[in-house]
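What follows is a single structure, written as structure tokens, with notes after it.
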Ligand code: GGG
């Protein structure tokens, strides 16, 4: 009997609406050759258009409507001309991550063939690591407030939240990943010299959890020098675990070092599979290039690969990634402007879908 995967498709804003169709094109090709079915249902919420019509980013029953899908395939959110950024993010993506307990944000950083990297002399294979970002707490809290607004004494406070459960579970996920990889290295991002309560606590939990993984070589760097080392020595890293904010920054910096953030995927994972996981490119809605049809679809297509692996279709997932590498490695590949060419989003998306066997 053919397995059919039920996927909720949420294009969102800006270039999300342009790259999601290319991700779906690759998924359809992978389903055809892989012999499985896809039941796709598209939703218009989590977008500025929806907000302008309804005064909110999501319908009241979004949780019930999405919870029984096998996965969520998401584009990008944010359209600052229409919705303040913190309203669009907190009103959509952060709700999904929290209510569906997608506490792992997994973000691969890899030098791809045919993608010119600013890292002189490095070739594919030299840079291949994973950023594991804590995804439900940390610096992304809405706890805090303002007092004396509009006066000279105006004061703003916002809390960071680290729970033992939240910190330990992301660390264990990262250590398990590191243990399963050939290099068995884990790097922790900290800033315990300046952030004097939450970050020493993070370090303490890293040390405690590491006791259960004597086979994994563990080190830590303050976030400032770690960012510098992403640029100077990206080949040092294997699995990098970070709090919500540090992980967000590092997972944009990593792909930028490998040439373009346009190729970077991410998986927001609920490891227990109680709820659906969500797959979205690292990039945002990119209002500066939206509507021009020139966005790089590779990040979204790579998300399709990660989603297939998560859905129990590892061969199909690997085939989608192979097709990406095959096409980008060709001298005559269609290249979007961020890759140094003048191809359209669809040109590149079609070439990759056609390469899926
Ligand atoms: N596809 C990713 C996206 O829409 N990102 C918008 C954004 O601002 N994300 C911040 C975050 O990932 O926490």
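Every read-out reported here was derived from the displayed coordinates using simple, explicitly stated rules and does not represent laboratory data. Since we're looking at a predicted model, the values are computed, not measured. Note: ideal-geometry Cβ built from the backbone for every residue, glycine included; neighbour counts use all protein chains shown.
The helix-only estimate of mean residue ellipticity at 222 nm for the chain, built from DSSP H runs of length n ≥ 4 each weighted as -39500 (n - 2.57), is -12000 deg cm²/dmol after division by the residue total. When the chain is treated as a GNM with alpha-carbon contacts under 10 Å, the residue of 86, 283, 310 showing the greatest mean-square fluctuation is 86.
If each Cα of the chain is one equal point scatterer, what is log10 of I(q)/I(0) from the Debye formula at q = 0.11 Å⁻¹? Evaluating at q = 0.11 Å⁻¹ gives log10 I(q)/I(0) of -0.75.
A simple spin-label model places the labels of residue 60 and residue 4 3.1 nm from each other, with each point 7 Å out along Cα-to-Cβ. In this label model, residue 183 and residue 90 are separated by 3.8 nm, measuring between points 7 Å along each Cα→Cβ vector. Three semi-axes describe the equivalent ellipsoid of region 298-346; taken as square roots of 5 times the Cα gyration tensor eigenvalues and ordered largest first, they are 24, 11, 6 Å. Looking at the chain, the DSSP beta bridges with both ends there are about 40 percent antiparallel. Here the gap between residue 143 and residue 219, fully extended at 0.36 nm per residue and compared with their Cα-Cα distance, gives a gain of 24.3 nm.
The value of relative contact order for region 210-357, using C-alpha pairs under 8 Å at least six residues apart, is 17 percent.
The value of relative contact order for region 128-257, using C-alpha pairs under 8 Å at least six residues apart, is 37 percent.
If you take the square roots of the eigenvalues of the alpha-carbon gyration tensor of region 239-357 and sort them as a ≥ b ≥ c, do you get rounded (a/c under 1.5), prolate (a/b over b/c) or oblate? Oblate shape, in that a/c is at least 1.5 and b/c is the bigger or equal ratio.
Each Cα pair under 8 Å and six or more residues apart adds its sequence gap; the mean of these over the residue count of the chain is a relative contact order of 24 percent. The protection proxy used here, the mean number of other Cβ atoms lying within 10 Å of each residue, ranks peptides 144-150, 292-298 as follows, highest first: 292-298, 144-150.
Taken over region 128-257, the convex hull of the Cα atoms encloses 119 Å³ per residue. If a/c stays under 1.5 just call it rounded; otherwise compare a/b with b/c (prolate if a/b is bigger, oblate if not). Do that for region 1-67, with a ≥ b ≥ c from the square roots of the Cα gyration tensor eigenvalues. Verdict is oblate for region 1-67.
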